Each structure stands twice: as structure tokens, then as C-alpha cells.
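The values are calculated or read from the model by the stated rules, or taken from the named source; none is laboratory data. Since this is a predicted model, take the numbers as computed values, not measurements. Don't worry about glycine lacking a Cβ; one is built from the backbone with ideal geometry, like all the others, and counts go over all protein chains shown. The protein model used for the area step is the full one, side chains on, heavy atoms only, and it has no ligands, DNA or RNA in it. Shrake-Rupley method; radii C 1.70, N 1.55, O 1.52, S 1.80 Å.
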Amino acid sequence: MVHDEQLRCLVKEACGHQPGSPQRQKLLTQIIRLTASRLWRESTPYYQDALQQTWLYFCRNVCEGLTGQIYDPTHGSVITWLNAYLKRRLQDFYLNQNREQATIVPLRIRQSTSGGTSETIDPVDNLPASPQAPPILENLEIWARTDSDGELRATHIKGHPDVNCQVLILKRLPPEVSWRELSEEFRLSIPTLSSFYQRQCLPRLRKFAELEGLL
């Protein structure tokens, strides 16, 4: 099992690199893989949603504190910090679920039909769909960054293991890095990068999106 001190060192090293750089992304992914098995677990239906929010919170706040309080190693380990956030999100989901049930149940009414029989009508069924889009980009970012089966990292341009689907998908998520910049960074031609992305990475991205009901 990885020690807390080792995780602290990896965090310090990751934060020493520029935001969005391949070096930082690689280290953040390593930290996620090392900490995943030590996080709080439970079998609630919303656990995976809370976990995804936790990983996104980690990536955005471990170094800069973009959407929350920056991680402070003097206040505890990375595991303690992540578990505290994860449990808060689980509590939010639990409370929201209870609130929704408390609101919906009283709205169910019985309505008599012309034939004298009655049926249960749920007014909520007749409400227009919520215009709020699901956090598609957040889900995609977490999926690519965690790469649970290692397939994205293993799929790379021949002779260039650092130019793999994980790196390219993360780079191309909004705000996307241009092909010209990627060409300069990896010293490969734009057609080589673009063709590999279209043939190898996009199909995997589409497959995930379809499984998640995003497409």
C-alpha cells in the first residue's frame, strides 16, 4: 500500500509543473490510481457520481484551488482530504434524493376516468425536460484521466508511448489545445497526430459517450 508521505511527494512534484502540462497530467493520473483503492466506499446508487465529482475536485484544487480550497498537506493526507470531500458530496446526494422524494410523493394523485376506474397520475411526468445539460465534459475528463483499464495509455503512436489517447483526448477537451501546438510539443506532424486521433482515440471516446448515454 502506498504511504501518505509518498503521495505528498507526488503532489508536490505534480504542482511543480505547469497546469495542463503532460508532466503534471501524468503525475495526477498516478496519484488517482494510487489513492482510488483507499477512498471511502459504499453501495449507494449515486456513489459513482460523487466519486467523479471528487476526482474533478482533486484535479482542479490540489495545486491551484480553482473551485475550492487548495490542498494543504499540513492539515492531513491526500486521502483524508479526498474522503472528506467525497463524504460531503454523498451527503448532498442523499439529502437531494430525500428532498425530491418528499416533493414528488405528495404530488401523486388519483384521477377518475370516464369509465369509472381510477389511475395514478404523476404531474411531474408532464413537466418539460430540464434544460440543464449533464456534466458531459466533466465525465469525459474523469474517464480519460482515470483510464481504469489502461487502454487509453496503451494506445499510442508507434515509437511514441508519450503520445497516447489519454494525453490527446485530455488535450483536445475544451479549452482545446490546437493541433499546431501539439505538433510543436510532440515534434510530430499535424496529419500524423490528427489521423491517429481520428482512427484510434475518437472511436474510444464515442464508445464511452454512448455507454454513458451522452450521444
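Do we find a residue being in contact (Cβ under 8 Å) with a residue 60 or more places away in the chain and either open to solvent by less than 70 Å² (accessible area, probe 1.4 Å) or in contact with a Gly (Cβ under 9 Å, 6 or more places away or on another chain) (or both) anywhere in region 185-199?
The answer is no, given that none of the residues of region 185-199 is in contact (Cβ under 8 Å) with a residue 60 or more places away in the chain and either open to solvent by less than 70 Å² (accessible area, probe 1.4 Å) or in contact with a Gly (Cβ under 9 Å, 6 or more places away or on another chain) (or both).
Hey, among Arg153, Arg206, which residue is touching an Asp or Glu at 6+ places or on another chain (Cβ under 8 Å) and in a helix (DSSP H, G or I)?
Answer to the check: Arg153.
Every residue in region 14-37 that is surrounded by 16 or more Cβ atoms within 10 Å (Cβ to Cβ), more than 20 Å from Leu168 (Cα to Cα), under 18 Å from the mean Cα position of the chain (by Cα) and in contact (Cβ under 8 Å) with a residue 40 or more places away in the chain, please.
If the condition is that a residue be surrounded by 16 or more Cβ atoms within 10 Å (Cβ to Cβ), more than 20 Å from Leu168 (Cα to Cα), under 18 Å from the mean Cα position of the chain (by Cα) and in contact (Cβ under 8 Å) with a residue 40 or more places away in the chain, then Thr35 is the only one that fits.
Would you call Val11 crowded, with 16+ Cβ neighbours inside 10 Å and either at pLDDT 85 or above or not in a loop (DSSP other than H, G, I, E, B) (or both)?
yes
Those residues that are part of a helix (DSSP H, G or I), open to solvent by 60 Å² or more (accessible area, probe 1.4 Å) and in contact (Cβ under 8 Å) with a residue 24 or more places away in the chain, I need them from region 39-72; list them, please.
Asp49, Gln53
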